[in-house]
Every structure is written in C-alpha cells, then in structure tokens.
Amino acid sequence: MNEAPQQIGDKDAQALLLQVRAWALELGFSQIGVAGIDLASAEPGLAAWLAAGFHGAMHYMEAHGLKRARPAELVPGTLRVLTVRMDYRPRGSVEDWQAVEWRGLGDPQRAQLSIYARGRDYHKVLRARLQQLATRLEQAIGPFGYRVFTDSAPVLEVELAARSGIGWRGKHTLTLHREHGSMFFLGEIYLDLPLPLSEPISAHCGQCTACIEACPTGAIVAPYRVDARRCISYLTIEHDGAIPIELRPLMGNRIYGCDDCQLICPWNKFAGKSTLPDFDEREPLRAPGLLALWAWSETEFLRFTEGSAIRRIGHARWRRNLAVAMGNALRAGSDQGISMALREALPSANELLAEHIEWALQQAQPERQAEHAHPG
C-alpha cells in the first residue's frame, strides 16, 4: 500500500465508482459493492467456529486467526474493500438445471462434480480479471495501494459481500441474492481509496431450512454454521487422508464438491448464467461415468484437468474419491464392471487407496451373501 492514500472528493468518488462498475461489467463481473473495514462484530463468530474445530485440517484458517476479520492488519493501509460477484452457471445449462443435477445424483453409475468445477479454475479467471479491473483504475487515477484476493487468503468473503450489498449470508453460510441465487464466485480488492460504501441488503431466508435438511452428511450443524469436517466439499477437496467410514455411504456419487444445499435453495431458481465461456462444462466432465474417470491414468488426469480447479487435489485423492462413489454404487446394486475395475486396481494401489478400494468392494457383500443364501 502507498504511505499516502489518494485524496478523492465525495462527488469524484461517486463518479469513480460508477466507472468502476461499468468496467467490472465489461470484464464479466455481475455486480460490485464496497465494504468498510470494521468487521469487529464478526470476530466472536469466527473465534467460536475455530474453537469448535469446525475448520478441520484447514490449519491456515487458525494460523491467521482474527486477521481474517481485520483487513487493515492483513493489508496495512486498506480503507475499503471492493467486492465482486461473478455468476458461474454454465452458458449452455438448461432452465431446469436443478432437476438435471438431482437426476445425476440419483444415477449410481455417474460421477457427480460440483457445477463450478466443470470449467476453468475460478481462481485463475477471477484473479486475472480483478487485476485487470485494478489496472484500469490505476490508469485512470494514477498509482494507489491495492491487493487482489480470490479465495486465496484469510479474507472473510461472505461477511464482506454481505456488508457491501452483494447479498446476505444464507443458512448454508453461502452468499444469497434474491434475483441471482448463490451460484456465483466472490472476489475482493483491498484498496486505500475512500470509495463510497454500498448499502447492505436484508436477509430473506425466513423460516426456510431446506439447505439444512438437504445436506447429505448433516454438515450444516445449525443455521449459519457449517462443520467442515462433515462437509463433502471439504472431504473430497481439502481433506487428504482417509475419509471417515461413517460418512462414506452418505457421499453417494459426489466425487468433487457438493451442490445439494444450493440445488434445494428456492432462491436458486433465479440463478443467472455466466457471460464467460470459461465456466462452460468441459466435455470429459459433462455427466461422466465412474468407470470412465476411474480408467484415467495420472497422465490423462493431468491432461483432462489442465486449468481446472480439480487438478489441485491430485490423481491419488481423485482415485480415493472415486473409490468411495464406486462402493456406494455397489451398495445400490449397480455393478456393471465396477467390482472388476476395483479388483484390478487393488494390487498396485498405495495404502490409502487400497483401504478405500477394499471398503468399496465390501459394500457389495451383503447382497452377494443374500444371493448365496437364496439361490435362484
């Protein structure tokens, strides 16, 4: 940050914000807002969440502690946080996209990936475009202090989005908007410009608890509180060890992330489509079968996930997730070559994968035992 922040009059600041909003729309952002940096009221909730251990193995959250709620400590000199929303529902998705996703979840042979992960890595897309936005602003007014963030640092994104009018915090802890649902990414630019603050909007979850009831693993332990250790998104992406045995049957065919709390949300019937091709579904990730993905070598995994958020979990974790889904397919009585594929992979599997493969194969045993007990 600069030692001496830019001096801008109120009238000039309003005009500048209008210009920034126009640039943001040109760059594919759907909405911008401006938040202040006093997040003191969010600190008790953050401290309680960390104390409960709900962050699981995401130790970086604990390491940064309350700095997440103190923007000026994270980036000295910060006066405002410019927040952005970028819709990611693929351009080619149909109007009844929620029904399509529920059907996919009901097909044991299919691999279900979170919608946002089927296209280009959002970190790359948002970071590049946020930088372009900051560069345009710098070209217009001269040098100023700023730092760009996209789910990449100790930033209270949802809190900042709520304070800047992007939406309200839903009971599933995601940001919600009455006219746009929750199918969007958030990004921020910490800056030392005294831009005018945006007005927050009121919450509209009411008495609805659909997201809490829909969570497959009961990870939404209370309204506005998620235990990441039970969340399928955490288990399939952040968690690098063995997936707890008691949670495996609840994961179904979800191999990367989970969208259930968003699929069930009434507000998401208004979820808008992205204006960018970046989030279009890649062919290998469009309604893929479990066996097709299981057949990928590590080289093929790296090739098919190049530029994708999926790549960062690595081939080993990818196979672990698939093994769980394949075990759940066997439990559902849907084999079609799954048992054979698992057995063929077992001799060369490392200890972690072998344990998940063996568990998966065991899921078919009760059915087989019943067949032996009642032949014909």
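The values are calculated or read from the model by the stated rules, or taken from the named source; none is laboratory data. Note that this is a predicted model, so its numbers are computed, not measured. Counting neighbours? That spans all protein chains shown, and the Cβs are built from the backbone with ideal geometry, glycine included.
Give, as residue ranges, the helices (runs of 4 or more DSSP H) completely inside the range 277-363 that count at least 3 residues that are under 27 Å from the mean Cα position of the chain (by Cα) and over 26 Å from residue 88 (Cβ atoms).
Numbers: elements: 290-294, 298-304, 314-331, 338-345, 351-362.
Where helices (runs of 4 or more DSSP H) fall fully within the range 277-363 and carry at least 3 residues being under 27 Å from the mean Cα position of the chain (by Cα) and over 26 Å from residue 88 (Cβ atoms), they are 314-331, 351-362.
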| request: Inspect all residues belonging to the range 255-264 and state whether any of them is closer than 29 Å to residue 27 by Cα, among the aromatic types (Phe, Trp, Tyr) and assigned to a helix (DSSP H, G or I). | output: no
| remark: Reported set for the range 144-173 where residues are buried (at least 21 other Cβ atoms within 10 Å of the Cβ), in contact (Cβ under 8 Å) with a residue 40 or more places away in the chain and part of a loop (DSSP other than H, G, I, E, B) is 155, 156, 164, 166, 167, 170, 171, 172
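State all residues of the range 335-347 that are among the hydrophobic types (A, V, I, L, M, F, W, C) and either surrounded by fewer than 22 Cβ atoms within 10 Å (Cβ to Cβ) or at pLDDT below 95 (or both); if no residue qualifies, say none. Can you show your working first?
Let us first name the residues in the range 335-347 that are among the hydrophobic types (A, V, I, L, M, F, W, C), namely 338, 340-342, 345-346.
Matches in the range 335-347: 340, 341, 345, 346.
Name the residue that is farthest from residue 40 (Cα to Cα), counting only residues in the range 182-193 that are of a type outside the set (Phe, Trp, Tyr) and touching an Asp or Glu at 6+ places or on another chain (Cβ under 9 Å).
Going through the qualifying residues, I end up with 183.
Within the range 313-328, is even one residue of a type outside the set (Phe, Trp, Tyr) and modelled with pLDDT under 95?
Within the range 313-328, the subset of a type outside the set (Phe, Trp, Tyr) is 313-317, 319-328.
This time we only want the ones that are modelled with pLDDT under 95, so: none.
Checked the range 313-328: no residue is of a type outside the set (Phe, Trp, Tyr) and modelled with pLDDT under 95.
A quick yes/no check of all residues on (1) over 25 Å from residue 361 (Cα atoms); (2) surrounded by fewer than 21 Cβ atoms within 10 Å (Cβ to Cβ); (3) not β-branched (Val, Ile, Thr):
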residue: 186; (1), (2), (3): yes, no, yes
residue: 199; (1), (2), (3): yes, yes, yes
residue: 207; (1), (2), (3): yes, yes, yes
residue: 212; (1), (2), (3): yes, yes, no
residue: 221; (1), (2), (3): yes, yes, no
residue: 227; (1), (2), (3): yes, yes, yes
residue: 235; (1), (2), (3): no, no, yes
residue: 253; (1), (2), (3): no, no, yes
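Between 134, 99, 128, which is outside any loop (DSSP other than H, G, I, E, B) and surrounded by 15 or more Cβ atoms within 10 Å (Cβ to Cβ)?
Values: 99 fails: surrounded by 15 or more Cβ atoms within 10 Å (Cβ to Cβ); 128 fails: surrounded by 15 or more Cβ atoms within 10 Å (Cβ to Cβ).
Result: 134 is the single residue among 134, 99, 128 that is outside any loop (DSSP other than H, G, I, E, B) and surrounded by 15 or more Cβ atoms within 10 Å (Cβ to Cβ).
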| remark: Of (1) at pLDDT 70 or above; (2) not in a helix (DSSP H, G or I); (3) not β-branched (Val, Ile, Thr), residue 25 fails just (2)
| remark: Checked the range 316-334 for anything surrounded by fewer than 17 Cβ atoms within 10 Å (Cβ to Cβ) and more than 16 Å from residue 106 (Cβ to Cβ); matches are 316
| query | Given (1) out of contact with any strand residue (DSSP E or B) (no Cβ under 7 Å at 6 or more places or on another chain); (2) buried (at least 17 other Cβ atoms within 10 Å of the Cβ), where does residue 295 come up short, assuming only one miss? | reply | (2)
| request: Search the range 210-228 for residues that are farther than 21 Å from residue 112 by Cα and of a type in the set (Asp, Glu) and pair each with any residue that is crowded, with 17+ Cβ neighbours inside 10 Å and at pLDDT below 95 when their beta-carbon atoms are under 6 Å apart and the residues are at least 6 apart or on different chains. | output: 227/54
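Quick one: is residue 191 in contact with a Gly (Cβ under 6 Å, 6 or more places away or on another chain), of a type in the set (A, V, I, L, M, F, W, C) and modelled with pLDDT of 95 or more? Break it down stepwise before answering.
Details: in contact with a Gly (Cβ under 6 Å, 6 or more places away or on another chain): no; of a type in the set (A, V, I, L, M, F, W, C): yes; modelled with pLDDT of 95 or more: yes.
Taking the combined requirement at face value, the residue does not satisfy it.
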